[in-house]
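Here's the structure, in structure tokens; my notes come after.
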Amino acid sequence: MNPVTNEIAIEARSLGLGYPGSMQPVLEGVDLSVAKGEFLTILGPSGCGKSTLLRAIADLLPPINGRLSVLGKPAAEARRQREVGFVFQEATLLPWRTVRDNVCLPLQVGKGRIAKSVQPRADHWLELVGLAHLSDRYPNQLSGGQRQRVSIARALQCEPDILLMDEPFGALDEITRDRLNDELLSIWRRTHATILFVTHSITEAIYLGGRVLVLAANPGRCQALIDLASLKDENGVCRRESPQAQEIAAQLRQLLRDGGA
Amino acid sequence: MKRDQLSLLEATILPVAGAFSLLIVWQWVLPALGVPAYIVPTPFSVLRTFASEWRGLIQNALPTWYEALLGFFLGNLTAVILAIVFVYSPRVRAAYFPVVLLFNTIPVLALAPIIILVFGLGILPKVVIAALLCFFPTLINMVRGLTSATSNELELMHVLSASGWETFWRLRAPRSVPLLFASLRISATTSVIGAIVGEWIGSDRGLGAVIIQSTFNYQAERLFAAVLLASLSGIIFFAIVGRIERIFHRLASP
């Protein structure tokens, strides 16, 4: 279990999010504090603004009202300082680059250009996601799970304090997904990053998260924030078969049903 | 389905056999049907003319190649630059893209006399006609290529705080390379066509001039030899672009 500090990584106060030109906000009145080193999973029915929240933190979408601070500064500032990494639902690898060159992309653009030390670090991150032996392949030679691992290695390349993951394993089969979940937890323990992880799966939300944030739709809003610490054993591994876990899963299912209307 | 696939041997031999069958028809069947040699000379007599007049033909091909090459560079360069302007300035694009597309519907044969009128009888009007023919495919392909980055890819560049120049160089440009080379391959042959069309209308040298003069003088063998050389020029240009593309890909992915 990572030590959850008292320092705040992300803070939102009556945050409202929406797309320019649309009258209806996607998400409103969000109050949320995420501590540094925390693993927060975000669950909600479709259209509740889960991805929108991540996009705002990554400075892909400006807030329409309220306040959002990322590591104590505006989201744009945190992005410019390379403190936020983003893993998209699709791996979004550039097909003309090898796996290694894809992982190196963050070092070739923006602030992170330190071209000289590129090679060893790329290999280091690829090793961490278990793909060092495939670094000369092209993305179309990889499976979906491998591609997503490369995109995680690319996000880790900037050594972000905050890692935002937008349903990264949503398109994968369950066995691959389980394995990647365990890998992600071990990466989290090693890097001490703060992770916000959007998912559709209740099981995944319970297994990964230290806390789970449940959003409701129409209008998008925060519905509940549930602490999952009681489910973790002394090593921080989730006892997902325990009666408590079943109970929380049932509770989450009910919340999703109520919030979907 | 498997049974319909050609073996390697068939795939090599059949195209050659097909071409030969047509040449045989041309060499022996057409004369036997009574088509006179001053209208359609036989392949052998064309080759004979080619062998005896190659010096004069090459002398006339040189200005055509020169015009085609200049037109190729001028047309493609203008197209790439304009495509970049269109992609980065939606207003300029909205204002001028439709006009440019409309302009493209004017047949080049109808436009050629106007270009000769404007640019005179020198080499310039031929270059301009060749450039015009290269311009449109490249413009349209480049606009498509440069805008083909997905929104996820653009967002990735934003999260990485890439500058506009970096997004262009690392994302948009590589995305458009396959389409650029596709249109460069088209341009390789159309630039030769453009130069020849220009020479038809106002020139006393070049392959186009030879084609027109030998048509009027009923020198069918020379006409066919000039057409053969024009076609060969297009093929050679095409092969050179293909070669450059392969070298480029080798350099781009070591």
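Pick out the one residue from A:Asp136, A:Asp123, A:Asp182, A:Asp178 that is in a helix (DSSP H, G or I), farther than 17 Å from A:Phe197 by Cβ and among the acidic types (Asp, Glu).
Details: A:Asp136 fails: in a helix (DSSP H, G or I); A:Asp182 fails: farther than 17 Å from A:Phe197 by Cβ; A:Asp178 fails: farther than 17 Å from A:Phe197 by Cβ.
Step by step, each of A:Asp136, A:Asp123, A:Asp182, A:Asp178 is checked, and only A:Asp123 is in a helix (DSSP H, G or I), farther than 17 Å from A:Phe197 by Cβ and among the acidic types (Asp, Glu).
For the stretch A:36-50, does any single residue satisfy the condition of being more than 14 Å from chain B (Cβ to nearest Cβ), more than 15 Å from the chain's Cα centre (by Cα) and assigned to a strand (DSSP E or B)?
Here is the first cut: in the stretch A:36-50, the residues more than 14 Å from chain B (Cβ to nearest Cβ) are A:36-50.
Subset that is more than 15 Å from the chain's Cα centre (by Cα): A:45-48.
Subset that is assigned to a strand (DSSP E or B): none.
Taking every residue of the stretch A:36-50 in turn, none turns out to be more than 14 Å from chain B (Cβ to nearest Cβ), more than 15 Å from the chain's Cα centre (by Cα) and assigned to a strand (DSSP E or B).
Can you tell me which condition B:Val177 does not meet? The list is (1) in a helix (DSSP H, G or I); (2) away from chain A (no Cβ under 11 Å), and all the others hold.
(2)
Of everything in the stretch B:53-90, what is among the charged types (D, E, K, R) and modelled with pLDDT of 95 or more? Give them in sequence order.
Narrowing the stretch B:53-90 to residues among the charged types (D, E, K, R): B:53, B:55, B:67.
Residue satisfying the conditions is B:Glu67 alone.
Please verify whether the stretch A:221-231 includes one or more residues that are out of contact with any strand residue (DSSP E or B) (no Cβ under 9 Å at 6 or more places or on another chain), of a type outside the set (S, T, N, Q) and more than 19 Å from A:Lys36 (Cα to Cα).
At the first step, the residues of the stretch A:221-231 found to be out of contact with any strand residue (DSSP E or B) (no Cβ under 9 Å at 6 or more places or on another chain) are A:230.
From the residues that got through so far, the ones that are of a type outside the set (S, T, N, Q) too are none.
No, the conditions are met nowhere in the stretch A:221-231.
Being away from chain B (no Cβ under 11 Å) and of a type in the set (Lys, Arg) narrows it down to one of A:Arg79, A:Arg67, so name that one.
Numbers: A:Arg79 fails: away from chain B (no Cβ under 11 Å).
Residue meeting the stated conditions: A:Arg67.
When you scan the stretch A:91-110, how many residues do you find that are in contact with a Gly (Cβ under 9 Å, 6 or more places away or on another chain) and either within 8 Å of chain B (Cβ to nearest Cβ) or surrounded by fewer than 21 Cβ atoms within 10 Å (Cβ to Cβ) (or both)? Explain how you work it out, then say what you get.
Filtering the stretch A:91-110 for residues in contact with a Gly (Cβ under 9 Å, 6 or more places away or on another chain) gives A:91, A:106.
With the extra rule that they be either within 8 Å of chain B (Cβ to nearest Cβ) or surrounded by fewer than 21 Cβ atoms within 10 Å (Cβ to Cβ) (or both), the set shrinks to A:106.
Final tally of qualifying residues: 1.
Give the stretch A:63-73 a look and list any residue that's touching a residue at least 12 places away in the same chain (Cβ under 8 Å) and out of contact with any Gly (no Cβ under 8 Å at 6 or more places or on another chain), or say none.
So the first thing to find is which residues in the stretch A:63-73 are touching a residue at least 12 places away in the same chain (Cβ under 8 Å), and the list is A:63-72.
A:Arg67, A:Leu68, A:Ser69, A:Val70, A:Leu71, A:Gly72, listed by residue number.
I need the full set of residues from the stretch A:28-51 which are polar (S, T, N, Q) and buried (at least 23 other Cβ atoms within 10 Å of the Cβ), in order please. Walk me through it before giving the result.
The first filter runs over the stretch A:28-51 and keeps only residues polar (S, T, N, Q), leaving A:33, A:41, A:46, A:51.
Result: A:Thr41, single match.
Among the residues of the stretch B:219-254, how many are among the aromatic types (Phe, Trp, Tyr) and buried (at least 18 other Cβ atoms within 10 Å of the Cβ)? Step through it out loud before you land on a result.
Of the residues in the stretch B:219-254, the ones among the aromatic types (Phe, Trp, Tyr) are B:224, B:237-238, B:248.
Filter once more, keeping what is buried (at least 18 other Cβ atoms within 10 Å of the Cβ): B:224, B:237.
Final tally of qualifying residues: 2.
Condition test on A:Glu204, is it of a type in the set (Asp, Glu) and within 21 Å of A:Arg179 (Cβ to Cβ)? Outline the logic, then answer.
On the way: of a type in the set (Asp, Glu): yes; within 21 Å of A:Arg179 (Cβ to Cβ): yes.
So A:Glu204 passes the test.
Check whether at least one residue in the stretch A:142-160 is part of a loop (DSSP other than H, G, I, E, B), touching a Pro at 6+ places or on another chain (Cβ under 7 Å), surrounded by fewer than 21 Cβ atoms within 10 Å (Cβ to Cβ) and modelled with pLDDT of 90 or more, and report yes or no.
Looking through the stretch A:142-160, none of the residues is part of a loop (DSSP other than H, G, I, E, B), touching a Pro at 6+ places or on another chain (Cβ under 7 Å), surrounded by fewer than 21 Cβ atoms within 10 Å (Cβ to Cβ) and modelled with pLDDT of 90 or more.
Report yes if some residue within the stretch B:147-156 is crowded, with 23+ Cβ neighbours inside 10 Å and free of Cβ contacts under 8 Å to residues at least 24 places away in the same chain; otherwise report no.
In the first step, residues of the stretch B:147-156 are kept if they are crowded, with 23+ Cβ neighbours inside 10 Å; the result is B:156.
If we keep only those that are free of Cβ contacts under 8 Å to residues at least 24 places away in the same chain too, we end up with B:156.
Yes: the stretch B:147-156 contains one or more residues that are crowded, with 23+ Cβ neighbours inside 10 Å and free of Cβ contacts under 8 Å to residues at least 24 places away in the same chain.
Quick grid of which residues meet (1) modelled with pLDDT under 90; (2) among the aromatic types (Phe, Trp, Tyr):
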| site | (1), (2) |
| --- | --- |
| A:Asp166 | no, no |
| A:Ala171 | yes, no |
| A:Thr176 | yes, no |
| A:Trp188 | no, yes |
| A:Thr194 | no, no |
| A:Tyr207 | no, yes |
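Look at the stretch A:210-261 and say how many of its residues are aliphatic (A, V, I, L, M) and farther than 22 Å from A:Asp31 by Cα. Show your work before the answer.
At the first step, the residues of the stretch A:210-261 found to be aliphatic (A, V, I, L, M) are A:212-217, A:224-226, A:228-229, A:231, A:237, A:245, A:248-250, A:252, A:255-256, A:261.
After this cut, where a residue has to be farther than 22 Å from A:Asp31 by Cα as well, the list is A:231, A:237, A:245, A:248-250.
Count: 6.
Taking the stretch B:44-99 as the region of interest, how many residues are aromatic (Phe, Trp, Tyr) and surrounded by fewer than 12 Cβ atoms within 10 Å (Cβ to Cβ)? Step through it out loud before you land on a result.
Of all residues in the stretch B:44-99, those aromatic (Phe, Trp, Tyr) come to B:44, B:50, B:54, B:65-66, B:72-73, B:86, B:88, B:96-97.
Applying the additional criterion that residues be surrounded by fewer than 12 Cβ atoms within 10 Å (Cβ to Cβ) yields B:44.
Of the residues in the stretch B:44-99, 1 are aromatic (Phe, Trp, Tyr) and surrounded by fewer than 12 Cβ atoms within 10 Å (Cβ to Cβ).
Residue pairs, Cβ under 7 Å, 6 or more apart or interchain, first in the stretch B:171-185 and under 11 Å from B:Leu146 (Cα atoms), second in a helix (DSSP H, G or I) and among the charged types (D, E, K, R). List them.
Partner pairs satisfying both residue conditions: B:Leu171/B:Glu153; B:Leu179/B:Arg144.
For residues in the stretch A:168-215 being among the basic types (Lys, Arg) and touching a residue at least 40 places away in the same chain (Cβ under 8 Å), which is farthest from A:Ile248 (Cα to Cα)? Lay out the reasoning, then the answer.
Of all residues in the stretch A:168-215, those among the basic types (Lys, Arg) come to A:177, A:179, A:189-190, A:211.
After this cut, where a residue has to be touching a residue at least 40 places away in the same chain (Cβ under 8 Å) as well, the list is A:189-190, A:211.
Values: A:Arg189: 24, A:Arg190: 28, A:Arg211: 12 Å.
Of everything passing the filter in the stretch A:168-215, A:Arg190 is farthest from A:Ile248 (Cα to Cα).
Could you list, in sequence order, the residues of the stretch A:57-75 that are small (Gly, Ala, Ser) and more than 19 Å from A:Gln223 (Cα to Cα)?
Here is the first cut: in the stretch A:57-75, the ones small (Gly, Ala, Ser) are A:58, A:66, A:69, A:72, A:75.
Selection gives A:Ala58, A:Ser69, A:Gly72, A:Ala75.
Is it fair to say B:Ser148 is small (Gly, Ala, Ser) and either at the interface with chain A (Cβ under 7 Å from one of its Cβ atoms) or over 30 Å from B:Pro125 (Cα atoms) (or both)?
Working: small (Gly, Ala, Ser): yes; either at the interface with chain A (Cβ under 7 Å from one of its Cβ atoms) or over 30 Å from B:Pro125 (Cα atoms) (or both): yes.
Yes: the conditions hold for B:Ser148.
Scan the stretch B:201-210 residue by residue and report those that are buried (at least 18 other Cβ atoms within 10 Å of the Cβ) and closer than 12 Å to B:Thr64 by Cα. Let's see the steps before the verdict.
Taking the stretch B:201-210 and keeping what is buried (at least 18 other Cβ atoms within 10 Å of the Cβ), we get B:201-203, B:206-210.
Those that are buried (at least 18 other Cβ atoms within 10 Å of the Cβ) and closer than 12 Å to B:Thr64 by Cα: B:Ser203, B:Gly206, B:Leu207, B:Gly208, B:Ala209, B:Val210.
Only one of B:Arg205, B:Arg246 is in a helix (DSSP H, G or I) and away from chain A (no Cβ under 14 Å); which?
On the way: B:Arg205 fails: in a helix (DSSP H, G or I).
Testing whether each residue is in a helix (DSSP H, G or I) and away from chain A (no Cβ under 14 Å) leaves just B:Arg246.
The values are calculated or read from the model by the stated rules, or taken from the named source; none is laboratory data. What you see is a predicted model, and the numbers here were worked out from it, not measured in a lab. Virtual Cβ from ideal backbone geometry, glycine too; neighbours counted across all protein chains shown.
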